[in-house]
1. Filter the range 385-408 down to the residues that are over 22 Å from Lys356 (Cβ atoms) and open to solvent by 40 Å² or more (accessible area, probe 1.4 Å), then identify the one that is modelled with the lowest pLDDT.
2. Report the residue count in the range 316-331 for those that are part of a loop (DSSP other than H, G, I, E, B) and open to solvent by 40 Å² or more (accessible area, probe 1.4 Å).
3. Does the range 165-205 hold any residues that are polar (S, T, N, Q) and open to solvent by less than 10 Å² (accessible area, probe 1.4 Å), and which are they?
4. Give the range 88-134 a look and list any residue that's within 18 Å of Leu67 (Cβ to Cβ), surrounded by fewer than 17 Cβ atoms within 10 Å (Cβ to Cβ) and of a type in the set (A, V, I, L, M), or say none.
5. Would you check which residues across the range 361-405 are outside any loop (DSSP other than H, G, I, E, B) and over 19 Å from Pro333 (Cα atoms) and list them?
6. Given Tyr109, Tyr138, Tyr133, which one is of a type outside the set (Lys, Arg) and closer than 26 Å to Leu57 by Cβ?
Amino acid sequence: MTVFEDLKWRGLIQDITSPELEEKLNKGGMKFYIGTDPTADSLHLGHYSSFLITKRLERAGHIPYILVGGATALVGDPRGTVERELSDKDLINNNFEKMKQQIQRIFPYEVVNNYDWVKDITILDFLRNYGKYINVNYMINKDLVKRQMETGISFAEFSYMLIQGLDFKHLYQTKGIELQVAGSDQWGNITTGIELIRKILGSEAFAFTMPLVTDSKGTKFGKSEGNAIWLDKEKTSVYELYQFLINAEDEVIMEYLKRLTFLSKEEIELIANEHKEAPHLRIAQKRLAEEIITDIHGKEEYEKAVQISKNLFNGNIKEVSAKDLLVGLKDVPSFNLHEGENIVDVLVNNEICSSKREAKEFLASGAITVNGDVVKNQDICFTINDAIDNKILVIRRGKKKYYLGKFE
């Protein structure tokens, strides 16, 4: 397949500015950029799904740049619902520095900050040199703006697309970037940049958008959706990312393999057949997790996540951190523990056993384990020193019933 055919097959092209772009993409040699605003100090999985286009197009001979919008983050882009809170300048700058380091570790390309060229533009220059060229009716008809008009939109957010448009013009002039790529929700902002380049410079620029990656209910990956899976492993552990990916729904797993990995069409079709024959083995989900985690965090971190999963399955609780236990056992019953509580009282008070007599019988028979160790002594009183990371006791009754005790 050509580059363009591969992108289409993967479901990575939604809107495109010109049929001519297909030939240019197949030919190679275009400078292009994709951007985000540093409204947090880490990328999340939604960013990753979009930024992968840099690696795909680089492999096809194109030259990627990544814009982190220190200026646009101070304004806030319309999201079609309600006005965003204004962000603090120092916070945005701190986020930029952290995000830049993270980007260049995963996506090792030149990172630019639009604050560098926007900060010295006066309000009169902005209105004369940019605002004069874009009709208000044109701006109002953009989807997100139109939707937000119903609840009210400030002039600041209304101007966002014009700032993003001048970014494209600036990068076109200073770096020869002629292509912008973004998620489908950015179409209005992208085309504003193309309009400025055409009207002011008399030149042609190009763009295409990608559909947003969502779950089967249409919920996208992202901070604003309240379900962010961060790429910073201090914010989202590698094991938590692993759990998220291997629990991906069957309805969307093949789409994820196409859009979030570099596996070939033949490899994905083979996985699809194997998965169809034995969906309970989650072959597709496991391969998705391997590809994504290895790309973001490296092979060693992926293997650690797999080992944590095996340890939990095999009952090797002490080999797992409290943080990862909370992820792996998030759906089991949990309760608070107090220093010096007797084991029989813990079992009864938290409905692990129905009575003290039953609790003593389970203990005597070796049916109770604490942090993976069989406990028969009925006189044990728990302290935080017994807990994993001084936080958690994992109590198992029988072979399958788990409970989490947390010290306050």
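1. Once the filter is applied, the top-ranked residue is Glu408.
2. First, pick out the residues of the range 316-331 that are part of a loop (DSSP other than H, G, I, E, B): 316, 320-321, 329-331.
The next check asks that each one be open to solvent by 40 Å² or more (accessible area, probe 1.4 Å); those that pass are 316, 321, 330-331.
Counting residues in the range 316-331 that are part of a loop (DSSP other than H, G, I, E, B) and open to solvent by 40 Å² or more (accessible area, probe 1.4 Å) gives 4.
3. Filtering the range 165-205 for residues polar (S, T, N, Q) gives 173-174, 180, 184, 186, 189, 191-192, 203.
Of everything in the range 165-205, those that are polar (S, T, N, Q) and open to solvent by less than 10 Å² (accessible area, probe 1.4 Å) turn out to be Gln180, Thr192.
4. Ile121
5. Step one: list which residues in the range 361-405 are outside any loop (DSSP other than H, G, I, E, B), which gives 361-364, 368-370, 373-374, 381-382, 384-386, 388, 392-397, 401-405.
Glu361, Leu363, Ala364, Asp373, Val374, Cys381, Ile384, Asn385, Asp386, listed by residue number.
6. Numbers: Tyr138 fails: closer than 26 Å to Leu57 by Cβ; Tyr133 fails: closer than 26 Å to Leu57 by Cβ.
Residue meeting the stated conditions: Tyr109.
Here's the yes/no breakdown for (1) hydrophobic (A, V, I, L, M, F, W, C); (2) surrounded by fewer than 20 Cβ atoms within 10 Å (Cβ to Cβ):
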| position | (1), (2) |
| --- | --- |
| Arg147 | no, yes |
| Tyr160 | no, no |
| Ala207 | yes, no |
| Val213 | yes, no |
| Lys220 | no, yes |
| Tyr242 | no, no |
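Every residue, every condition in (1) outside any helix (DSSP H, G or I); (2) open to solvent by 10 Å² or more (accessible area, probe 1.4 Å); (3) of a type in the set (A, V, I, L, M), yes or no:
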site: Phe32; (1), (2), (3): yes, no, no
site: Asp41; (1), (2), (3): yes, yes, no
site: Phe51; (1), (2), (3): no, no, no
site: Leu57; (1), (2), (3): no, no, yes
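The values are calculated or read from the model by the stated rules, or taken from the named source; none is laboratory data. Because the structure is a prediction, the values reported are computed rather than measured. Every residue, glycine as well, gets a Cβ built from its backbone with ideal geometry; the counts of neighbours run over all protein chains shown. Keep in mind that these areas ignore ligands, DNA and RNA; they rest on the heavy atoms of the full protein, side chains included. Shrake-Rupley method; radii C 1.70, N 1.55, O 1.52, S 1.80 Å.
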